[in-house]
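Trainee: Take this structure first; my questions come after.
The values are calculated or read from the model by the stated rules, or taken from the named source; none is laboratory data. Note that this is a predicted model, so its numbers are computed, not measured. A quick note on method: Cβ atoms are made from the backbone with ideal geometry, for glycine too, and the neighbour counts reach across all protein chains shown. Please note that ligands, DNA and RNA were not included when accessible areas were found on the heavy atoms of the full protein model with its side chains. Shrake-Rupley method; radii C 1.70, N 1.55, O 1.52, S 1.80 Å.
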Amino acid sequence: MSEGEPKNTHFGYKTVEADKKADLVADVFHSVAAKYDIMNDVMSFGIHRFWKRHTIETAAARPGMKVLDLAGGTGDLTAKFSHLVGDRGQVVLADINDSMLKVGRTKLRDKGIVNNVSYVQANAEALPFPDNHFDIITIAFGLRNVTDKDAALRSMQRVLKPGGKLLVLEFSTPKHELMRKVYDMYSFKVLPKMGELITKDADSYEYLAESIRMHPDQETLKQMMVDAGFEQVDYTNMTDGVVALHKGYKF
């Protein structure tokens, strides 16, 4: 690549200029924000609640902790963390997309969750927080949408306290061939039709299916976390590896 030529990256299966991906992803989530929770329930048959519950249990948040729920969307994890860290703790719901943040803020305030939660529009690649600040960072179904995942992981490592924990919950690669075939058929044939029916936007859900396939598999993401400075990195497959929860520590 010659000097000055724009770098390219993936937007689903399409190749786009890297500096344009964030805006393209933003358009997707502006489009689906209002129906995001409904679509999560429908397209996962409610199983996303189990995946998120396991993430909360693994996080083991305690009263007084500071938690960053990155790419926190409509606030499912933030709501749980708010209860667990209590009045002495703090939860930051951060998302690059202001439409998702607005939906999340409204949803949590309607539930009476206000005292220990703050909202920040932030890019995961350059987090606007001090070094060594958070006890726990979670990013659920958000890392695959980040343009420079290595930069994002390094940024998370920087703002995590020594002894702190990062949890990455993300769609991954099914372990068995039969599940991969069923999952592919569902993702590319059924999911866009659901998107069209519920959100009037098939294209966004076609992108989401493609973005899952372009995301690093379990072992690749594990090595990326190690390269970013995390230690004791491991992962747990759920639903045959359709989803994986990666865990790493900063020491």
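Trainee: Tally time: how many residues in the range 132-190 are in a strand (DSSP E or B), under 30 Å from K7 (Cβ atoms) and open to solvent by 10 Å² or more (accessible area, probe 1.4 Å)?
Mentor: Summing the residues that are in a strand (DSSP E or B), under 30 Å from K7 (Cβ atoms) and open to solvent by 10 Å² or more (accessible area, probe 1.4 Å) in the range 132-190 gives 2.
Trainee: Checking L93 against (1) surrounded by 15 or more Cβ atoms within 10 Å (Cβ to Cβ); (2) under 23 Å from D227 (Cβ atoms); (3) of a type outside the set (D, E, K, R), which single condition isn't satisfied?
Mentor: With (1) surrounded by 15 or more Cβ atoms within 10 Å (Cβ to Cβ); (2) under 23 Å from D227 (Cβ atoms); (3) of a type outside the set (D, E, K, R) applied to L93, the lone miss is (2).
Trainee: Right, N123: over 21 Å from R53 (Cα atoms), of a type outside the set (V, I, T), open to solvent by 20 Å² or more (accessible area, probe 1.4 Å) and modelled with pLDDT under 95 or not?
Mentor: Criteria met by N123.
Trainee: Oh, and also: Does L221 qualify as being open to solvent by less than 70 Å² (accessible area, probe 1.4 Å), outside any helix (DSSP H, G or I) and touching a residue at least 24 places away in the same chain (Cβ under 8 Å)?
Mentor: no
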